[in-house]
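The values are calculated or read from the model by the stated rules, or taken from the named source; none is laboratory data. Fair warning: this is a prediction, and the values are worked out from it, not measured in the lab. FYI the Cβ positions are ideal-geometry reconstructions off the backbone, even for glycines, and counts take in every protein chain you see. Ligands, DNA and RNA are excluded from the accessible area calculation, which covers all protein heavy atoms including side chains. Shrake-Rupley method; radii C 1.70, N 1.55, O 1.52, S 1.80 Å.
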There are 2 protein chains.
Amino acid sequence: MAQAQRTAITPTRTDDYPEWYQQVIKAADLAESSPVRGCMVIKPWGYSLWENIQRVLDARFKATGHQNAYFPLFIPKSFMEKEAEHVEGFAKECAVVTHHRLAAKEGGKLVPDGELEEPLIVRPTSETIIGASFAKWVQSYRDLPLLINQWANVVRWELRPRLFLRTTEFLWQEGHTAHSTEKEALEETARMMEVYAAFVQDYMALPVIKGEKTASERFPGAVSTFSIEAMMQDRKALQSGTSHFLGQNFARASGIKFQDESGKDQHAWTTSWGVSTRLIGGIIMAHSDDDGFVMPPRLASAHVAILPMSHGDHSESGVREYCDRLAGELGAQKYMEGSIKVVTDAREMRGGDKMWSWIKKGIPLWVEIGKREVDADAVCVGFRDKAREKRTVMPRAQFVAGIAQELDRIHSVYFDRAMALRETNTRKIESKDEFYKFFTPANAEKPEIHGGFALCHWSGEPDVEETVKNDLGVTIRCIPMDAPEEEGRCVISGKPSRRRVIFAKSY
Amino acid sequence: MAQAQRTAITPTRTDDYPEWYQQVIKAADLAESSPVRGCMVIKPWGYSLWENIQRVLDARFKATGHQNAYFPLFIPKSFMEKEAEHVEGFAKECAVVTHHRLAAKEGGKLVPDGELEEPLIVRPTSETIIGASFAKWVQSYRDLPLLINQWANVVRWELRPRLFLRTTEFLWQEGHTAHSTEKEALEETARMMEVYAAFVQDYMALPVIKGEKTASERFPGAVSTFSIEAMMQDRKALQSGTSHFLGQNFARASGIKFQDESGKDQHAWTTSWGVSTRLIGGIIMAHSDDDGFVMPPRLASAHVAILPMSHGDHSESGVREYCDRLAGELGAQKYMEGSIKVVTDAREMRGGDKMWSWIKKGIPLWVEIGKREVDADAVCVGFRDKAREKRTVMPRAQFVAGIAQELDRIHSVYFDRAMALRETNTRKIESKDEFYKFFTPANAEKPEIHGGFALCHWSGEPDVEETVKNDLGVTIRCIPMDAPEEEGRCVISGKPSRRRVIFAKSY
């Protein structure tokens, strides 16, 4: 056995992918579990990713005509019950507020007191409470379309939590719109799926497949659900954003009615769409490596870490002044909608330790500055996408002038790598045998990375979904939008099919 | 009786101030009550004010070294109980989660199910849950100071809700910091009070008094609480921001300990500070008039409304093209950290109605554009701070070039007006009789605007506070920071006093 390369993260992806994921988060200081079961603490380095995601998406929502508003955290139980499928979908995982104070009883012990007449549900999603407002706001076709977004926290009780991917409380945005025609609502649903897809590809450096969910994977109460699906490094799919066409279901449940141009009363057509802090889990799982977190440059909390190399007294060699000047020059460079973000790490510690801490944090570029660099008016640059030995000494001015271009190069490397992973692990599968083999680990004792996206014919039967879910933990991720019509036979049941769908394990 | 001037809002401030407040909010479309008792819906025009407040304050928090993070919505009951005064302060008004699902029982009816072992409190504030994280993050003096801020929703059960001012759920930011010395923590407490004061004065156009709270008005668990207090148009005080020095109380409760430079274990010194959506209530009450909402320009959702005046066909007269060009020119002008925000209102409606809708929304400037203005290359400008008849026709280029200056002029008018109101209604009072008269309405049948800020000597006795609170609903708003030492006698008890404090009614 060849000697293994030492890595900053133990275990490696191959050794134990789920544990590797936890260790990457820990080493990069992104988040941690909290004393409240299922809830996480998002630490500053992780939260700044969410701030960047918010900033970019918020601008795109506004550019497509949406306005932000804010609706109550609590939903009366009776509101949830207005849409039958909806309440069934969320009843099993909701936090219920039953009292409005604590009072000292039983020998001074504080117990819940002031029982509410009607329990309140902490919102798992806000269709029903926003619907109540929409019903008041919409009277005439002139009030439509109504295009609203909310940035909020939501709660879905989670028994097997996992940082960013499945947490009881998470942060998200939820768009809610009402339209006068079915066609317009369908267009909105498609438009927001496109906004999400473009964002994930252009900022997260992650290719996605756009498609429609099957009935069994639909949002509770929706007529149709669209999603974008990305492949993680363990070959599983991550649903990274969803856009729902709700038909008139929620408009009927909430009484969202308008008078059309001919004076007739009609129910509005509504949509909803959302992405959450789960996207951060996707960034981690898609790009990180055995040395830690890898931040896509366009969402990075910082682009460049400047590391003054300490050999006793800085002031003499002018290292600190040089670093300050460099930071100023870099910070003045434009990048995307903003400018280059720089951190200077002046901690007194070994240069190697300092470098490693930034590698683990996923910084796209770091520069080491010692007396030698100052004297040569140069920088020694490290690249997160290259082996760490491949540091390059280059003139300071050249580095500063080329910084935006360099970050875009790194963005492309990450995107291409993710695309290559997906292409290598997407396979057209034609037989049930091959299908089962594809999704079964070779060694049942030791979980390993296996499977991928299986592009297969499906008859449309829910029974087939049920079977592969029970046997293999595999589901249909989506019916891709761009799948060509093609005659074939269902990979499981052999019945006629006209289109391939994507089967995969998922988060 | 002279004929009353017609106003857009009924009733006027003088007729019924509380009802006027509700009507201003309604006419400007800022917010509304929700079906969840005590919770509000913040509508887009109101929410955009919160977005502007967030943007400015967030930059100032970051400029003073703070980082954002996110902590759980839920707090285990036992955490709240760790600090005795703290839990006593919030126990009477907290939403309690007792179950984690709904289940069908009793003939299909959904009831709370899955009772939690320990009830969870929906955060009324996060000292205790953030303290649990700080205890993990802080080991050594090198980890300090720890400077964290959170933007979040909080819940304090409210039996007499009032939009923006007192709602069961509200949006806020809460800063939480830990320091190695008392001095440093006290400096932080003072620094953030200054940040708030500067923000409220420079952006909200509202003068504030900085001061310390008396023991009875302190944050539950704090050693000292500082606040900024502003006078509303009904002469009541609005506490607009608070900054708490928590001593080592919460560090002891949560176990936030560090090893100092000499290797000795010590408890950290902590602070917390916050402002909330209540600030929007302050903006409304401080500046609005009997024609509706008045937005201070530096926080305005939009600065200029362009109103194309419709006389049939626009295309012929070129009105629409002229408006579009004007919007583009204005939008390219810098203002504060951003640029001029313009809305063009092309709705088909009477010009007068259109103008009134923008007056009620509080827009600082509006311009009416008809064929006459197009032909003269001019604009007809209306100013929210002037009588609506005082519209001015001026050359387009002059208006565009002077827009930022004009908005700053309006900002100053609002600030000066608020300052004049406060000065007129602040009085040094030396006798108990005069004090009671100042705070008692002349006509007990009809509530009216009366009182103000009474600058009086106070002996330091809690009994005095208790008495005037019970008799008059008056409290000590603060002991002003800049109050000179001055020998005197308590206005109520006659006992010796060395400083004047501010007594007022408040929200």
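Pick out the one residue from B:Gly452, B:Gly382, B:Gly370 that is out of contact with any helix residue (DSSP H, G or I) (no Cβ under 6 Å at 6 or more places or on another chain), touching a residue at least 24 places away in the same chain (Cβ under 8 Å) and on the phi > 0 side of the Ramachandran plot.
The conditions single out B:Gly452.
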Sort out which residues of the range B:34-56 are in a helix (DSSP H, G or I) and either of a type in the set (A, V, I, L, M, F, W, C) or surrounded by 23 or more Cβ atoms within 10 Å (Cβ to Cβ) (or both), and write them in order of number.
B:Trp45, B:Gly46, B:Tyr47, B:Leu49, B:Trp50, B:Ile53, B:Val56
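Report yes if A:Val200 is within 14 Å of chain B (Cβ to nearest Cβ), β-branched (Val, Ile, Thr), touching a residue at least 60 places away in the same chain (Cβ under 8 Å) and open to solvent by less than 10 Å² (accessible area, probe 1.4 Å), otherwise no.
No.
So which residues in the range A:189-222 are hydroxyl-bearing (Ser, Thr, Tyr) and in a helix (DSSP H, G or I), if there are any at all?
From the range A:189-222, those hydroxyl-bearing (Ser, Thr, Tyr) are A:189, A:196, A:203, A:214, A:216; that's our starting set.
Selection gives A:Thr189, A:Tyr196, A:Ser216.
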Would you list the strands (runs of 3 or more DSSP E) that sit entirely within the range A:252-292 and hold 1 or more residues that are surrounded by fewer than 21 Cβ atoms within 10 Å (Cβ to Cβ)?
A:257-259, A:265-267
Only one of these is within 30 Å of A:Gly89 (Cβ to Cβ) and not aliphatic (A, V, I, L, M): B:Thr64, B:Thr98. Name it.
B:Thr98
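Would you point out the residue of the range A:62-86, among those that are among the basic types (Lys, Arg) and not in a loop (DSSP other than H, G, I, E, B), that is nearest to the other protein chains (Cβ to nearest Cβ)?
Among those residues, the one meeting the criterion is A:Lys77.
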I'd like to check something: does the range B:76-89 contain any residue that is touching a Gly at 6+ places or on another chain (Cβ under 9 Å), among the aromatic types (Phe, Trp, Tyr) and farther than 30 Å from B:Glu337 by Cβ?
yes
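Looking at the range A:99-185, what strands (runs of 3 or more DSSP E) fall wholly within it and have at least 1 residues that are under 18 Å from the mean Cα position of the chain (by Cα)? Outline the logic, then answer.
Numbers: elements: A:109-122, A:146-155, A:169-179.
Counting at least 1 such residues, we get A:146-155, A:169-179.
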Which condition from (1) among the aliphatic types (A, V, I, L, M); (2) more than 22 Å from the chain's Cα centre (by Cα); (3) more than 13 Å from chain A (Cβ to nearest Cβ) is the one that B:Met192 breaks?
(2)
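Let me confirm something: among A:Ala31, A:Ala59, which residue is more than 8 Å from chain B (Cβ to nearest Cβ), of a type in the set (A, V, I, L, M, F, W, C) and crowded, with 23+ Cβ neighbours inside 10 Å?
Numbers: A:Ala59 fails: crowded, with 23+ Cβ neighbours inside 10 Å.
From the options A:Ala31, A:Ala59, the qualifying one is A:Ala31.
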From (1) more than 22 Å from B:Glu127 (Cα to Cα); (2) in contact with a helix residue (DSSP H, G or I) (Cβ under 7 Å, 6 or more places away or on another chain), pick out the condition that doesn't hold for B:Ser243.
(1)
One residue from A:Val319, A:Val400 being touching a strand residue (DSSP E or B) at 6+ places or on another chain (Cβ under 8 Å) and either open to solvent by 10 Å² or more (accessible area, probe 1.4 Å) or among the β-branched types (Val, Ile, Thr) (or both)
A:Val319
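Answer with yes or no whether A:Lys26 is crowded, with 19+ Cβ neighbours inside 10 Å, charged (D, E, K, R) and modelled with pLDDT of 95 or more. So that I can check it myself, show each step before the final result.
Details: crowded, with 19+ Cβ neighbours inside 10 Å: no; charged (D, E, K, R): yes; modelled with pLDDT of 95 or more: yes.
In short, no.
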Within the range A:422-456, residues surrounded by 15 or more Cβ atoms within 10 Å (Cβ to Cβ), of a type in the set (Val, Ile, Thr) and under 27 Å from the mean Cα position of the chain (by Cα) come out as A:Thr426, A:Ile449
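If I filter the range B:109-120 down to residues being out of contact with any Ser or Thr (no Cβ under 7 Å at 6 or more places or on another chain) and under 20 Å from A:Glu117 (Cβ atoms), which single residue comes out as most open to solvent (accessible area, probe 1.4 Å)? Talk me through it step by step, then tell me what you get.
So in the range B:109-120, the residues out of contact with any Ser or Thr (no Cβ under 7 Å at 6 or more places or on another chain) come out as B:109-111, B:113-114, B:117, B:120.
In the following step, the residues that additionally are under 20 Å from A:Glu117 (Cβ atoms) were identified as B:109-111, B:113.
Details: B:Lys109: 113, B:Leu110: 28, B:Val111: 23, B:Asp113: 31 Å².
Among residues in the range B:109-120 that are out of contact with any Ser or Thr (no Cβ under 7 Å at 6 or more places or on another chain) and under 20 Å from A:Glu117 (Cβ atoms), the one most open to solvent (accessible area, probe 1.4 Å) is B:Lys109.
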Scope the range B:322-357; condition more than 23 Å from A:Gln67 (Cα to Cα), within 34 Å of the chain's Cα centre (by Cα) and open to solvent by less than 30 Å² (accessible area, probe 1.4 Å); matching residues
B:Leu326, B:Gly351, B:Gly352
Please work out which one of (1) part of a helix (DSSP H, G or I); (2) within 14 Å of the chain's Cα centre (by Cα) is the condition A:Ala230 fails and give its number.
(1)
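Could you please let me know if A:Val24 is farther than 25 Å from A:Ala222 by Cβ and more than 10 Å from every other protein chain (Cβ to nearest Cβ)?
It is true that A:Val24 is farther than 25 Å from A:Ala222 by Cβ and more than 10 Å from every other protein chain (Cβ to nearest Cβ).
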Matching residues in the range A:128-161 - criterion: being in contact (Cβ under 8 Å) with a residue 40 or more places away in the chain, more than 11 Å from chain B (Cβ to nearest Cβ) and within 24 Å of B:Val122 (Cβ to Cβ):
A:Pro161
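If I go through the range B:62-98 residue by residue, how many of them are open to solvent by 40 Å² or more (accessible area, probe 1.4 Å) and either more than 31 Å from the chain's Cα centre (by Cα) or at negative phi (or both)? Full working, then the answer.
To start, the set of residues in the range B:62-98 that are open to solvent by 40 Å² or more (accessible area, probe 1.4 Å) comprises B:62-65, B:67, B:78, B:81-82, B:84-85, B:88, B:92-93.
Applying the additional criterion that residues be either more than 31 Å from the chain's Cα centre (by Cα) or at negative phi (or both) yields B:62-64, B:67, B:78, B:81-82, B:84-85, B:88, B:92-93.
Residues meeting the conditions: 12.
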